[in-house]
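Enquirer: My questions will all concern the structure given below.
The values are calculated or read from the model by the stated rules, or taken from the named source; none is laboratory data. Predicted, not measured: the structure shown is a model, and the values here were computed from it. Heads up, the Cβs are rebuilt from the backbone with ideal geometry, glycines too, and the neighbour counts pull from every protein chain shown.
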Amino acid sequence: MTAEENEVIARARSEIRDLQPYSHATFQPGLLRLHANELPWPGAHADDANEVNRYPEPRPRRLAQLAGDYFGVPGDAVFLSHGSDEAIDLLVRAFCSAGEDAIVTCPPTFGMYAVAAKIQGAGIIEVPLTVSGAWLPDFDRLQSISAPGVKIIFLCSPNNPTGNCAGADEILALARFWQGRSLVVVDEAYIEFADQASLARHIERHPNLVVLRTMSKAHGLAGARLGVALARPAIVQLLQRIAPPYSLSNYAIAAGIAAMQPLAIARTRARIDLLRAERARMTVQLTQLPAIAQLWPSDANFLLVRCYDSVRLMRAALAAGILVRDQSAALNLDNCLRVSIGAREDNDRLLEAWQ
Ligand SMILES: *Cc1c(COP(=O)(O)O)cnc(C)c1O
């Protein structure tokens, strides 16, 4: 562990640093497994391909290596999780002591950061996004928080539900400012749809930076539950101490490996292009609807719109058999709905319902 990494890990909970992790059954393919109380046959209705009667590889190495290549970091900088929701939860659990420490969030944003903090009994410091129309993190205020127990600052870029990216230089300056005191966790669940590049390569220079990515959105694997946290190896190892030993199923590992093959990556890129084209079309079309008061440009696969009457538009969508997400209860988002970009015909259906 480098001195810089040591400084980061020193901020983790001491119980976690001292924890003796669960010792799982040895994973050594090729040997007869009479050590894990598995059945010798796959489940009666299962296909044989994924050997589902066998426990999965606890820390899937090949997938970590492929994911590292894909995300542009070394394999030992990849923490694989049961969706990035699990990575969020584990980060909070590893760093925040109940009743003492706190996370920082920038609402309106993804709700899981606050939920994870509440489950852990950590405090939540809210530093709202600027409302001037740009929905940017308030970087000045993020540098003037005086609470000693701040352990994690969560930034979401592109932000859910506003759809925009935060500036890379400002995020990196923030990480530098908090180095030695707090992690800066950048949730890039939608970065594939943005023009801006991922910050993953900067974990090399910023030991307290963690970048979250997911296979759920651009890669179309939401049901497989596969997320990644990209961070310095010391942080990855810390998370591995507290992660359940088999949180990735054989199916999830196989789906992840398949998604990292060159043909799959090429196909994913083509779909992202398609989605971006539909996003551009929907941006124009929705803006023209008389029921829409405001629409914010999006770097993600959804659009945030402000309606004159969001309840009416929710109802109209539902009457046409379409769900959209009500955001009107979120900070500064009264009368706002979040609309995912679907296939062309799906989008047309919504436009028709809202005409
Ligand atoms: C969807 C979403 C996630 C959740 O990703 P999973 O990998 O499916 O758990 C994380 N962060 C944000 C901002 C999201 O919108």
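Enquirer: Could you list, in sequence order, the residues of segment 303-318 that are surrounded by 17 or more Cβ atoms within 10 Å (Cβ to Cβ) and either β-branched (Val, Ile, Thr) or within 25 Å of Thr109 (Cβ to Cβ) (or both)?
Expert: Of everything in segment 303-318, those that are surrounded by 17 or more Cβ atoms within 10 Å (Cβ to Cβ) and either β-branched (Val, Ile, Thr) or within 25 Å of Thr109 (Cβ to Cβ) (or both) turn out to be Leu303, Leu304, Val305, Arg306, Cys307, Ser310, Leu313, Met314, Ala317.
Enquirer: Is one or more of the residues making up segment 13-33 basic (Lys, Arg), assigned to a loop (DSSP other than H, G, I, E, B) and either free of Cβ contacts under 8 Å to residues at least 60 places away in the same chain or surrounded by fewer than 12 Cβ atoms within 10 Å (Cβ to Cβ) (or both)?
Expert: Taking segment 13-33 as the starting set, the residues that turn out to be basic (Lys, Arg) are 13, 17, 33.
Now narrow it down to the ones that are assigned to a loop (DSSP other than H, G, I, E, B): 13, 33.
Add one more test, that the residue is either free of Cβ contacts under 8 Å to residues at least 60 places away in the same chain or surrounded by fewer than 12 Cβ atoms within 10 Å (Cβ to Cβ) (or both), and what stays is 33.
Yes, there is a match, as at least one residue in segment 13-33 is basic (Lys, Arg), assigned to a loop (DSSP other than H, G, I, E, B) and either free of Cβ contacts under 8 Å to residues at least 60 places away in the same chain or surrounded by fewer than 12 Cβ atoms within 10 Å (Cβ to Cβ) (or both).
Enquirer: May I pose another question? Of the numbered conditions (1) within 18 Å of Asn159 (Cα to Cα); (2) touching a Cys at 6+ places or on another chain (Cβ under 9 Å); (3) of a type outside the set (Val, Ile, Thr), Gly123 satisfies every one except a single condition; which is it?
Expert: Here Gly123 clears every test but (1).
Enquirer: Just to verify a result, which residue in segment 67-85, among those that are surrounded by 20 or more Cβ atoms within 10 Å (Cβ to Cβ) and more than 16 Å from the ligand (Cβ to nearest atom), is nearest to Pro233 (Cα to Cα)?
Expert: So, considering only residues that are surrounded by 20 or more Cβ atoms within 10 Å (Cβ to Cβ) and more than 16 Å from the ligand (Cβ to nearest atom), the one nearest to Pro233 (Cα to Cα) is Ala77.
Enquirer: Please work out if Met282 is buried (at least 19 other Cβ atoms within 10 Å of the Cβ), in contact with a strand residue (DSSP E or B) (Cβ under 7 Å, 6 or more places away or on another chain), assigned to a helix (DSSP H, G or I) and not charged (D, E, K, R).
Expert: Against the criterion (buried (at least 19 other Cβ atoms within 10 Å of the Cβ), in contact with a strand residue (DSSP E or B) (Cβ under 7 Å, 6 or more places away or on another chain), assigned to a helix (DSSP H, G or I) and not charged (D, E, K, R)), Met282 qualifies.
Enquirer: Pro245 - would you say it is more than 10 Å from the ligand (Cβ to nearest atom) and modelled with pLDDT under 95?
Expert: Here the answer is yes, as Pro245 does meet what is asked.
Enquirer: Could you tell me whether segment 244-254 includes any residue that is over 19 Å from the mean Cα position of the chain (by Cα), in a helix (DSSP H, G or I) and among the hydrophobic types (A, V, I, L, M, F, W, C)?
Expert: The answer is yes; a qualifying residue exists.
Enquirer: Turning to a different aspect of this structure: Please list, ordered by first then second residue, the pairs with beta carbon atoms under 8 Å, 6 or more apart or interchain, first in segment 214-225 and part of a loop (DSSP other than H, G, I, E, B), second near the ligand (Cβ under 7 Å from one of its atoms) and of a type in the set (Lys, Arg).
Expert: That search, which allows pairs on different chains as well, returns Ser216/Arg225.
Enquirer: Quick check on this structure: which one of Leu238, Leu226 is crowded, with 19+ Cβ neighbours inside 10 Å, within 30 Å of Asn53 (Cα to Cα) and more than 16 Å from the ligand (Cβ to nearest atom)? Full working, then the answer.
Expert: Values: Leu226 fails: more than 16 Å from the ligand (Cβ to nearest atom).
Matching residue, one of Leu238, Leu226: Leu238.
Enquirer: Considering only residues that are closer than 14 Å to Leu226 by Cα and either polar (S, T, N, Q) or in contact with a strand residue (DSSP E or B) (Cβ under 8 Å, 6 or more places away or on another chain) (or both), which ones fall in segment 43-67?
Expert: Residues satisfying the conditions are Arg59, Pro60, Leu63, Ala64, Ala67.
Enquirer: Follow-up question, since we're still on this one. Does segment 294-310 include one or more residues that are without any contact (Cβ under 8 Å) to a residue 60 or more places away in the chain, in a loop (DSSP other than H, G, I, E, B), farther than 30 Å from Val52 by Cβ and acidic (Asp, Glu)?
Expert: yes
Enquirer: Give me the pairs, please: first residue somewhere in segment 104-117 and over 15 Å from Tyr190 (Cβ atoms), second residue anywhere and part of a helix (DSSP H, G or I) and within 11 Å of the ligand (Cβ to nearest atom), beta-carbon distance under 6 Å, and either six or more positions apart or on two chains.
Expert: Cβ pairs passing all conditions: Thr105/Tyr113; Ala116/Ile88; Ala116/Asp89.
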